[in-house]
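In what follows, a structure is listed as structure tokens, so that the remarks can point back to it.
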Amino acid sequence: MKCEKESQVVHAVRSRAWSSSLLNHVGTCTACAETKLVAEALTSLAAIQLTENPAPPAAQVWSRTQFCERYAGRRRTEQYLSPAIMAVAAAYVMSFMIWSASRVLPSFHNVVRSGFDETTDLVVWGAVVSLLLVVGSASILYMRVGRLSRR
Amino acid sequence: MDEQAFNALYAATAGSLWSYVARVSGSPDIADDVLQEAYYRFLSSKRRDLDTVNAKPYLFRIATNLMHDRWRRSHERGWVDYLEMGIDENPDSGIDVRRVMLQLKPRARELLWLAYVEGMTHREIAVATGLNTMSVRILLLRARRKAALLLGQKGKRQ
């Protein structure tokens, strides 16, 4: 059930400007009578609500929006940066391992051939400790980056 | 968009947008959250430089989508159970309109509010809700009938 004058009824309810012909029509048309009943109820509710519960101040919404924007920007930057950081860390670990292998292997060879002496012992342990330090640092860096990008 | 332009847009749209969300969700807290998120998404979008007339339906669309997301998340908990705003009387007819609104489905509340309070056309409502114009017409007719029935029953009881 639909009437072509429904939009006029809604307009009249919102503007409170009724023509006598429209009022007469509402008296005879069920669809327009329903529209008038519902529209009047809702517009009265809207009027109460605007005085009771105003929207938050514009400055508050603006500042929160700016904060969210900055935070989102930082997250985007971190997301771009984290693969680069990981690549640099991986390259560093790889090159250190290659370098240490070239230093440590001859020492191991010496150890196997002639047993421990003071010099080889120091080189082997130094290389192992350095490797542990690098792997530990890379792990901490990895966890830190992962935590930042999950936030 | 700078702060001055935002203030102008906010002054022209925030009141009606907040009322819409508060009335459809039944909660002023949800209205505050959705309003904040809607303006944030609007300002982050490519359409942030739209003028007020064109920005308004887009803001309503964002707010409607955000409400639907919340509705889906809290469906089991019962979307229509929010009665934080209390119940008061319509000064003209003594009818408890708020309670009637909460007896309607959220989609029906959206459509009725946009059509009768915001005065939007079916096409504008379609933009704001993501429905097609024909669906808006049918669903609005059903919603109006249901609301009129409930308001009529309340009126007779009083």
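The values are calculated or read from the model by the stated rules, or taken from the named source; none is laboratory data. Owing to the predicted nature of the structure, the values given are computational and were not obtained by experimental measurement. Don't worry about glycine lacking a Cβ; one is built from the backbone with ideal geometry, like all the others, and counts go over all protein chains shown.
Given B:Asp32, B:Asp2, which one is within 14 Å of chain A (Cβ to nearest Cβ), modelled with pLDDT of 85 or more and surrounded by fewer than 21 Cβ atoms within 10 Å (Cβ to Cβ)? Walk me through it before giving the result.
Working: B:Asp2 fails: modelled with pLDDT of 85 or more.
After applying the criteria, what remains is B:Asp32.
Of everything in region A:69-97, what is polar (S, T, N, Q), within 26 Å of B:Phe42 (Cα to Cα) and touching a residue at least 60 places away in the same chain (Cβ under 8 Å)? Give them in sequence order.
A:Gln79
Of all residues in region B:129-151, which are aliphatic (A, V, I, L, M) and either over 17 Å from the mean Cα position of the chain (by Cα) or facing chain A (nearest Cβ under 10 Å) (or both)?
Within region B:129-151, B:Met134, B:Ile138, B:Leu140, B:Leu141, B:Ala143, B:Ala147, B:Ala148, B:Leu149, B:Leu150, B:Leu151 meet the criteria.
Among the listed residues A:Glu40, A:Glu34, A:Glu6, identify the single one that is in contact with a Ser or Thr (Cβ under 7 Å, 6 or more places away or on another chain) and of a type in the set (D, E, K, R).
Among A:Glu40, A:Glu34, A:Glu6, only A:Glu6 is in contact with a Ser or Thr (Cβ under 7 Å, 6 or more places away or on another chain) and of a type in the set (D, E, K, R).
Taking region B:95-126 only, how many residues are hydroxyl-bearing (Ser, Thr, Tyr) and either more than 15 Å from B:Ala148 (Cβ to Cβ) or within 10 Å of the chain's Cα centre (by Cα) (or both)?
Residues flagged as hydroxyl-bearing (Ser, Thr, Tyr) and either more than 15 Å from B:Ala148 (Cβ to Cβ) or within 10 Å of the chain's Cα centre (by Cα) (or both) within region B:95-126 amount to 1.
Among the candidates B:Tyr40, B:Tyr20, B:Tyr10, which residue alone is modelled with pLDDT of 85 or more and in contact with a Cys (Cβ under 7 Å, 6 or more places away or on another chain)?
Of the residues listed, the single one that is modelled with pLDDT of 85 or more and in contact with a Cys (Cβ under 7 Å, 6 or more places away or on another chain) is B:Tyr40.
For the structure I just gave you, tell me whether B:Val80 is modelled with pLDDT of 65 or more and under 22 Å from B:Ala63 (Cβ atoms). If you could, list the steps in order and put the result at the bottom.
Values: modelled with pLDDT of 65 or more: no; under 22 Å from B:Ala63 (Cβ atoms): yes.
Criteria not met by B:Val80.
Can you confirm whether region A:50-68 contains a residue that is surrounded by 12 or more Cβ atoms within 10 Å (Cβ to Cβ), touching a residue at least 12 places away in the same chain (Cβ under 8 Å), assigned to a helix (DSSP H, G or I) and among the β-branched types (Val, Ile, Thr)?
Checked against the condition, which is being surrounded by 12 or more Cβ atoms within 10 Å (Cβ to Cβ), touching a residue at least 12 places away in the same chain (Cβ under 8 Å), assigned to a helix (DSSP H, G or I) and among the β-branched types (Val, Ile, Thr), region A:50-68 yields no hits at all.
Scan region A:21-40 and tell me whether some residue there is of a type outside the set (D, E, K, R) and touching a Leu at 6+ places or on another chain (Cβ under 6 Å).
yes
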